[in-house]
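My structure is below; once you've seen it, I'll send some questions.
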Amino acid sequence: MLLAAFTWTEFAQQLAAGIREGAIYAGLALAIVIIYRSTRVINFAQGEMATFTTFIAWSLMNQGLSFWAAFPIVLAIAFTGGVAIERVLIRPVENAPVLTIVIITLGLALLLNGLMSMIWGGGNRQFHGPFSTRTIDVGGVPVSVQDIGIVVVSILLVVLLGFFFRFTKVGLGMRAAAVNRDSSRLAGVRVGWMLALGWGIAAVLGAVAGMMIAPVVFLDPNMMQTILLYAFAAAVLGGLDSPVGAVVGGILLGVTITLLGRYVGFIGSTLKLPAALLLILVLLLLRPGGLFGRVTVRRV
Amino acid sequence: MSRLELRNVEARYGPVKVLHGVSLTVGDGELVAVLGANGAGKTTTLRAISGTVRRSGDLVFDGKALSRRTEVTARAGIAHVPEGRGTFSDLSVWENLRLGAYTRRGGIKEDAQRVFSFFPRLEARRNQQAGTLSGGEQQMLALGRAMMARPKLLLLDEPSLGLAPIVVTEIFGALERMKGEDGMSVLVVEQNANLALAHAARAYVLEVGNVVVDGTSDELRANESIRKSYLGY
Amino acid sequence: MRARLWPELSAFAAVAVVVALLPRFVSDFRARELAIVGMYFIALLGLSILTGFNGQISLGHGAFMAIGGYTTAILSVDGFFGHQLRDLWTIPIAGLVAGIAGLVVGIPALRLSGLYLALITFGIAVSFPQLPKEFDHFFGGTTGKILDLAKPPFGLGTTTNNWIYYLTWGIALVLLVAAWLLVRGKTGRAFKAIRDSEVAAVSAGISLPRYKTLAFGISAFYAGVAGSLYAIANAYVNPDVFPIILSVYLVVGLAVGGLDSLFGMIAGAALIYFLQNHADTVARWINHLPALSLDPKQPGIPSVVFGIVLIVVMVLLPTGAGGLVRKLFGLLTSRLYTRS
């Protein structure tokens, strides 16, 4: 059935490309999950926030900074911006209906998108990433250094976050605030700041994802829009509540979509997105909580 | 010297006023009980202290006015074990205990050892999700969490609710020992007036948001109307 | 609850009179602009039924408009089994096709609540434009389909734009009455009960599957009609006529109009049109503020203005224009009825 010509080498290459795509989705999905867990908000501006910070990185590098010099500055800006957005835009509507908050994040996405067009203009830009695009031989399969770099950076980030949430006091406070605000306050956790911190960390994750993907796809204000959708799909796939699920969901989706697009002629490149959507829809009907969705165990 | 003093405290849920000017004191190292029927405002009294309900009036803790912000009261040394115990069901037993000590640094391992010495069952379930514990174990965990904070004042809401008598004995035994070792004050709300008076030095009786009677446990036990309405003999 | 019948009836009468007379006072071009506002209004009525009255979020109503638009285009250009239909008769069919699509989407929506539904419908909005590109022999690909220019029927001696204006607003008023009757009736009560509490609705014997899919279907029908009119007015359809952002704009209009205020949707529709086409004017207004000078023609201005309006409205006025009017009206009437 419509299968394209098949070689193992090419399959391995596609697999690698899928994992690279997946790593980006995973990063952004993780950002979505962290915000969702702490404030029960789906941040539709996550993509534009990431692109915006990537543009800042681009500007800094245009000023003559190297990528790794710009990197921490951008992360700091992203973190501050994320915290500020939570405090200024989300806090006042904390108890408003879901729709209100969804609309505000959509408004933020429009605003940031417009600002990018105003400040930097449209059109594609070459973004010089930290990794070379030359390929090296990994067990007989040519894989680009850039792809390996992206995956390694993503893994590092996930490990770092896991460590932060599991072993640090602030990380524990953030998890507590996400699951039980009242009890957290009683334990002395500054819940408001924990939520803002969640937005800050999410913005940092987005910034990293943006700076990683920009060298692959060219930088423009709409760079993250489709990627954000895949990230949503990945987050839903893994279960909106589960950071581990977001990562697994991202990789799984990246690989599935890449392979489907390459080997099922019918899907090609235009129907990847609808295919992803269909996948998610079917999954949600079978398992409403996602793959890693928590089955809440509680005894009273 | 009194550790906590409430003067004319009022509290409301939206338009409904629940406390109409409650005044009470809790002394240093003293265990004080609040008794009353359902809806008398016992829980609300505790919530007014920890700032989890809208309130007005004078609240003095350790000689200073008490903040309205829950986080700040917790950091000032008030541990509140709320109705429903406030367990973090998704976190492990150990993480729950770590959260108890959130407001301070150091000594977490030693304090946890002390909690485990009181409640050995918690140590066995250290890495278990707290939501899977039995009711009694969750109450022990709640008390353990409060202990981890080394509070100056412990607010306990219905610790005996829904628990088997043997578990209740275990919990109150631990409470007495904790109080003795740390010199903390305790304000406990109880339906079970016999139990409360057995452990408390003094008690206040609330009716529809007002203190109607107060006195030492012996005085209250001797009061005939109290005996009829609350002690049931 | 206050009897709200007479204010609504008089509001309707006022709207009808204004709608009927307005073209006499404005230019032909303005009539066309107002017609497009009317199309947004129709789509917003549908969205209001779904979100405002039934509590289901849809970020994908642009796709239902596109379905309506494409139905009209295909039927009037390629025809049905070689028989081309007059554009006018394609409008109800477009509504039905979109409505059926809505019912189909409504089925999975049953199991998805709140944010999941928002995500899935957003996914539909984003994926839909890919379909015409992929199946280009049927949809005409990226170039789309060119329709005949709409002509007034029965030899009416009016301009095309005036004709489209009257057609759109005529349909809009009929659909407004229909929506109003719907939300006041038994079905509307069921919708609202589900919105307020699904559990309570079920225990009162209301069938969730029936009413939730029904709401989706009706809502999509409205969007389909709007999309059909849009295609007729533009005389062509292609994927860019119904861009992804259209779905977002509709939600903006809904929020500004005030979720469950049918009349408020007129304000929402006007805002969508105005911000989309006259963002430069807004930028000039903003320039009156001290220390600001935006270039009104700069790319990105529409999005910036849209975003700011959206955020400000949602933070300051969470019940939208409808809520504001109701609040003012409530103040007024309570003044009238309380003797002091």
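The values are calculated or read from the model by the stated rules, or taken from the named source; none is laboratory data. Treat the numbers as computed from the prediction; the structure is a model and nothing was measured. Here the Cβ positions follow ideal geometry from the backbone for every residue, glycine too, while neighbour counts run over all protein chains shown. Protein only, heavy atoms only, side chains kept; ligands, DNA and RNA dropped before computing areas. Shrake-Rupley method; radii C 1.70, N 1.55, O 1.52, S 1.80 Å.
Across peptide B:79-86, what mean number of C-beta atoms from other chains lies inside 10 Å of a residue's C-beta?
On the way: counts 3, 5, 2, 3, 0, 3, 2, 7.
Across the residues of B:79-86, the mean count of other-chain Cβ atoms within 10 Å is 3.
Can you compute the label reach from A:Arg40? Point 7 Å from Cα along the Cβ direction, backbone N cut-off under 16 Å, restricted to the stretch C:111-140.
Counting only backbone N, you get C:113-118.
Relative to the isolated chain, which residues of the stretch A:154-187 have their accessible area cut by 20 Å² or more in the presence of all protein chains (1.4 Å probe, heavy atoms, no ligands or nucleic acids)?
A:Arg166, A:Lys169, A:Leu172, A:Arg175, A:Ala176, A:Val179, A:Asn180, A:Ser183, A:Arg185, A:Leu186, A:Ala187
Now, a different point. If I fit a long axis through the Cα atoms of helix A:8-39 and take the longest principal axis of the Cα atoms of chain A, what angle between them do I get, 0 to 90°, rounded to 10?
The helix A:8-39 is inclined about 10 degrees to chain A.
Name the lysines eligible as straight-distance cross-link partners of B:Lys109: C-alpha to C-alpha under 22 Å, and not fewer than 8 places from it in the same chain.
A:Lys169, B:Lys152, B:Lys179
How high is the FRET efficiency between C:Phe29 and A:Ile155 when r is their beta carbon distance and R₀ equals 60 Å, given to the nearest 0.05?
In this case the efficiency is close to 0.55.
With chain C treated as a Gaussian network of Cα nodes joined by springs under 10 Å, which of C:His288, C:His83, C:His137 yields the largest mean-square fluctuation?
C:His288
So what's the back-of-envelope 222 nm ellipticity for chain C, counting only DSSP H runs of four-plus at -39500 (n - 2.57) apiece and dividing by all residues, rounded to 500?
Mean residue ellipticity, 222 nm, calculated: -23500 deg cm²/dmol.
At 7 Å along the Cα-to-beta-carbon direction for both C:Arg111 and B:Asn210, put a label point, then send me their distance in nm to one decimal.
If labels sit at C:Arg111 and B:Asn210, their model points lie 5.8 nm apart.
A further question on this structure: Farthest toward the dipole's positive end in the protein assembly as shown, which of A:Phe163, C:Leu103, A:Leu115, given Cβ charges of +1 (Lys, Arg) and -1 (Asp, Glu) about the Cα centre?
Selected residue: C:Leu103.
Let me ask another. Calculated FRET efficiency, C:Val202 and C:Ser10, Cβ-Cβ r, R0 30 Å, to nearest 0.05?
Given R0 = 30 Å and the Cβ-Cβ separation, E is 0.20.
A follow-up question, please. Label point 7 Å out from A:Val179 along Cα-to-Cβ: which residues of the stretch B:87-122 have amide N under 16 Å?
Zone members listed by number: B:87-102.
Excluding ligands and nucleic acids, what accessible area in Å² is computed for B:Val53 using a 1.4 Å probe, to the nearest 10?
Here the accessible area works out near 20 Å².
What percentage of all Cα-Cα pairs in the stretch C:5-244 are separated by more than 35 Å?
When every Cα pair of the stretch C:5-244 is considered, 16 percent fall beyond 35 Å.
Given a 1.4 Å probe and every protein chain left where it sits, what share in percent of the accessible area of the protein assembly as shown is carbon and sulfur?
About 63 percent, which is the carbon plus sulfur part of the accessible surface.
Ordering A:Met61, A:Met116 by accessible area with a probe of 1.4 Å, largest first, what comes out?
A:Met61, A:Met116
What residues qualify as long-range amide H neighbours of B:Ser23, i.e. H under 5 Å apart, gap of 5 or more or another chain, H built at 1.01 Å from N?
B:Asn8, B:Val9, B:Val211
Pop the C-beta distance of C:Leu316 and A:Val244 into the FRET formula with R0 = 41 Å and round what comes out to the nearest 0.05.
FRET efficiency, C:Leu316 to A:Val244: 0.55.
Show me, for the stretch A:246-259, the HN-Hα J-couplings you get by feeding each phi into the Karplus relation (A = 6.51, B = -1.76, C = 1.60, θ = phi - 60°), rounded to Hz, glycine and proline as x.
Karplus values, whole Hz, x for Gly and Pro: 4, 5, 4, x, x, 4, 4, 5, x, 5, 4, 5, 4, 5.
Can you give the percent of C-alpha pairs in the stretch B:88-233 whose distance is more than 26 Å?
31
Using each residue's phi in the stretch A:91-106, evaluate 6.51 cos²θ - 1.76 cosθ + 1.60 at θ = phi - 60° and report the 3J(HN,Hα) Karplus result to the nearest Hz, with x for Gly and Pro.
So the Karplus estimates, Gly and Pro as x, are 3, x, 10, 3, 9, 6, x, 3, 4, 4, 6, 4, 5, 5, 5, 5 Hz.
Looking at chain B as a GNM with Cα springs under 10 Å, which of B:Glu158, B:Glu110, B:Glu137 has the largest mean-square fluctuation?
For chain B, modelled as a Gaussian network with Cα springs under 10 Å, the answer is B:Glu110.
Got a sec? Which residues in the stretch B:101-125 would a label at B:Arg177 touch, if it sits 7 Å along Cα→Cβ and we count backbone N under 20 Å?
The answer is B:101, B:108-125, whose backbone nitrogens lie closer than 20 Å to the label point.
Run the simple label-point estimate for B:Lys64 and B:Ser2 please: 7 Å along Cα→C-beta, distance reported in nm.
1.9
OK, next. Find the sum over both chains of the accessible area lost when A and B are paired, probe 1.4 Å, and report it in Å² to the nearest 100. Could the numbers behind the result be given before it?
Values: alone 14950 and 10640 Å², together 23200 Å².
It comes to approximately 2400 Å² buried between A and B.
Another question about this same structure. Extension gain A:Gln63-A:Asp137, at 0.36 nm per residue separation less the Cα-Cα distance, in nm? Mind dumping the intermediate values first?
On the way: separation 74, 0.36 × 74 = 26.64 nm, distance 3.50 nm.
Taking A:Gln63 through A:Asp137 to full extension adds about 23.1 nm, to one decimal.
At a probe of 1.4 Å, how much accessible area disappears from chains C and A on forming the pair, both sides counted, to the nearest 100 Å²?
3700
Looking only at the protein assembly as shown, where both bridge partners belong to it, what percent of the DSSP beta bridges are antiparallel (to the nearest 5)?
Just about 65 percent of them are antiparallel.
Around C:Tyr236, which amide H atoms from residues at least 5 apart in sequence, or from another chain, sit under 5 Å from its own amide H, with H modelled in the peptide plane?
Distant-sequence amide H within range of C:Tyr236: C:Leu147.
Still on this structure, please answer the following. Heavy atoms of the protein only, probe of 1.4 Å, neighbouring chains included. What is the accessible area of C:Glu8 in Å², nearest 10?
In the full protein context, C:Glu8 sits at about 30 Å².
Also: Where does the longest stretch of chain A lie that holds no trypsin sites (Lys or Arg not before Pro) found in a DSSP loop with 16 or fewer other Cβ atoms within 10 Å?
After excluding every exposed loop site, the longest remaining stretch is A:135-293.
Take chain B, connect every pair of alpha-carbon atoms lying under 10 Å apart with a spring to form a Gaussian network, then pick out the residue of B:Leu154, B:Leu195, B:Leu35 with the largest mean-square fluctuation.
Of B:Leu154, B:Leu195, B:Leu35, the most mobile in the Gaussian network model is B:Leu195.
For chain A, what does the helix formula give at 222 nm: sum of -39500 (n - 2.57) over DSSP H segments with n ≥ 4, over the residue count, nearest 500 deg cm²/dmol? Mind showing how you got there, number by number?
Numbers: 11 runs with 208 residues, N = 300.
The per-residue figure over chain A is -23500 deg cm²/dmol.
Can you give the translational diffusion coefficient of chain A in µm²/s, computed by Stokes-Einstein from the Kirkwood radius over Cα pairs at 20 °C and 1.002 mPa s?
108
How far apart, in nanometres, would the label points at A:Thr100 and C:Lys192 be if each is projected 7 angstrom from Cα along the Cα-to-Cβ direction?
Output for this residue pair reads 2.0 nm.
While we're on this one: Buried by at least 40 Å² relative to the chain on its own: which residues of the stretch A:68-107 qualify, computing accessible area with a 1.4 Å probe on protein heavy atoms?
Buried by the other chains: A:Val98, A:Leu99, A:Thr100, A:Ile103, A:Ile104, A:Leu106.
Skipping prolines and chain starts, which residues have an amide H placed within reach, meaning under 5 Å, of the one on B:Gly57, given they are 5 or more residues away or on another chain?
When sequence neighbours closer than 5 places are left aside, the close amide H contacts are B:Glu10.
What angle do you read, to the nearest 10 degrees and between 0 and 90, between the alpha-carbon axis of helix B:108-118 and the longest principal axis of chain B?
For B:108-118 against chain B, the angle is about 70 degrees.
Through the Karplus equation 6.51 cos²θ - 1.76 cosθ + 1.60, θ set to phi - 60°, convert the phi angles of the stretch C:34-46 into ³J(HN,Hα) values in whole Hz; use x for Gly and Pro.
5, 4, 5, 4, x, 5, 4, 4, 4, 4, 5, 4, x
Same structure, new question: For the protein assembly as shown, report the accessible area per residue in Å² (1.4 Å probe, heavy atoms, rounded to an integer).
Each residue of the protein assembly as shown exposes 42 Å² on average to a 1.4 Å probe.
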